[in-house]
Each structure stands twice: as structure tokens, then as C-alpha cells.
Amino acid sequence: MKICELCCRPSCCAEYPLPSSAEATVPIGEVLIYYCDQCEKHTNFHPLQVHLLPEEVPPEEHTFAKCDACNKPAIFLREDVGDGFESDFYYRLYPPHDRHVGFLLPPVVRTSYEEAVKCEGAKSWIACVTMVGRTLEAVTKDYDPKPKSMFAGLQTMHKDGAISQEIYEWANELRVIRNFGAHATDEPISRQDAEEALDFLQAIMELIYYMRPKFQQMKTRRGLTKP
């Protein structure tokens, strides 16, 4: 059995040799614009190699690149959640970010969440809480597109038992903070407000899109294997 030198797992990356530039989904030489921690600003990253993991769920594309300004290396990830790698944002695996969602999200939810994380990284606190609210609204629309507002959508989810009373209170507070960010008011939005809003948003998404399906899978598995 082969052991992958990259991730130390059997029958994994070792079965998929590094693709040539012709096979890579990002042509070698195409520039990525991303924030460099060393330079403390957005710089150009020059891709050196692209590696695919097609049997991961979802399939993964890893791009090894270097900053054109300071020459520091970085590894970027994109996932194919059903509509191709090109539809996903690049996420930097190394040097690591503080935030990453490692489970499947509906496209509009993922897009809004990633924009919120970008705003946090740029220290744009008002924009961050606004995008947190947009993400939460996308969650309600994914559950039921009929309600006309986020508040009505949260009420529907709560009434149907899709979220508990506690999660409903968390989500409603995020809705209130979003309103302060989205409208011209004297209410200040601090770094702590933005970071905590993202913390609670991640917890809500993890419950709905990861832990709940995982629990259902566990119940199904135990039901099928029970003597």
C-alpha cells in the first residue's frame, strides 16, 4: 500500500501525481491577488504548481504559489461543489487563516460568508456585520424562499422546529446587528461586534449544514447495523 508523502494517508494523494501545467485548472503563470501577511497588503501571487484531489468530497484543487513581492510561499484551496472550481473563491491554507468552513454550503450562503470573512480580514467591521446578515438571510432563503424578510424567515424556521429557541435568539441578534451596519445610524460597530457576529454565524451554519446531517447519517448507520 502506498503512503502519501504529502498527507501521510494511504491511497490518497500518492495515487494522483502532480499534474502538468496543461492539466492544471489554473494555468501556471496566472497571477492571484491575495493578502500577504509578510507584506501586510494585497500582492500578486505567482502559481508554481496545481495539485488535484478528485476523490475528496467535495473535490479539491490546491495551488502552490509565491508572493512576487517577498517571495514567501502560500498554498491556496478551491473546491468543486458541483459547478466547477472556477465558481469557488480561493482560500489560503498556508499561512493559515483563522476562519474556514470545511463542509458544504449552498452557493449563495458560501459566497456571502466568504465576503464576510474578507471584510473581517480587511478590518471593515460595518461591512463585515452587513455580510453576516446577508449570509443569515441566505440561510433562511435556502430553507424557505417564500418569507419576505429575514425576520419572517427566522420565524418560519423556528416555528417549523428547524432551529431551537436558543439558535433563534442568536440569529435574531445577528439580524439586529446587521441592521445597525446596513443603515445610517449612530450605533457604533466595533471589532468585537464583527468577530462575535461571525463566531455565532459559523456556529449556526455548522449546526444546520454539518452537525444535523451528520447526526442523521449516524442514526441511519446505527439503524442499519443494529442486530
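The table that follows gives values for the structure above.
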read-out	value
Residue in region 157-180 that is in contact with a Lys or Arg (Cβ under 6 Å, 6 or more places away or on another chain), at negative phi and not aromatic (F, W, Y) present	no
Residue match in region 176-199 (condition: within 21 Å of the chain's Cα centre (by Cα) and within 15 Å of I163 (Cα to Cα))	no
Count of residues meeting criterion [within 13 Å of T63 (Cα to Cα), among the acidic types (D, E) and at pLDDT 50 or above] in region 20-41	1
Any hit, region 82-95, residues being among the hydrophobic types (A, V, I, L, M, F, W, C), surrounded by fewer than 18 Cβ atoms within 10 Å (Cβ to Cβ), under 26 Å from E187 (Cβ atoms) and at pLDDT below 90	no
Region 36-50, residues that are surrounded by fewer than 18 Cβ atoms within 10 Å (Cβ to Cβ) and touching a residue at least 24 places away in the same chain (Cβ under 8 Å)	D37, Q38, C39, N44, Q49
Residue within region 42-56 that is closer than 27 Å to R134 by Cβ, modelled with pLDDT under 90, touching a Phe, Trp or Tyr at 6+ places or on another chain (Cβ under 7 Å) and not assigned by TED's automatic domain parsing to the domain that holds I189 present	yes
Residue within region 112-119 that is more than 26 Å from D199 (Cα to Cα), buried (at least 18 other Cβ atoms within 10 Å of the Cβ) and without any contact (Cβ under 8 Å) to a residue 60 or more places away in the chain present	no
Failed item in (1) part of a strand (DSSP E or B); (2) touching a residue at least 60 places away in the same chain (Cβ under 8 Å); (3) out of contact with any helix residue (DSSP H, G or I) (no Cβ under 7 Å at 6 or more places or on another chain); (4) not hydrophobic (A, V, I, L, M, F, W, C), with E86 passing the rest	(1)
Members of region 52-77 found to be assigned to a strand (DSSP E or B) and free of Cβ contacts under 8 Å to residues at least 40 places away in the same chain, listed by number	L52, E60, E61, H62, T63, F64, A65, K66, C67, P73, I75, L77
Subset of region 153-207 (residues that are polar (S, T, N, Q), surrounded by 13 or more Cβ atoms within 10 Å (Cβ to Cβ) and free of Cβ contacts under 8 Å to residues at least 60 places away in the same chain)	Q155, T156, N172, N179
Residue match in region 100-111 (condition: within 10 Å of the chain's Cα centre (by Cα) and of a type in the set (S, T, Y))	yes
Entirely in region 132-212, the helices (runs of 4 or more DSSP H) that have 2 or more residues that are modelled with pLDDT under 90 and under 21 Å from G121 (Cα atoms)	165-182
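The values are calculated or read from the model by the stated rules, or taken from the named source; none is laboratory data. All values reported here derive from a predicted model rather than from experimental measurement. FYI the Cβ positions are ideal-geometry reconstructions off the backbone, even for glycines, and counts take in every protein chain you see.
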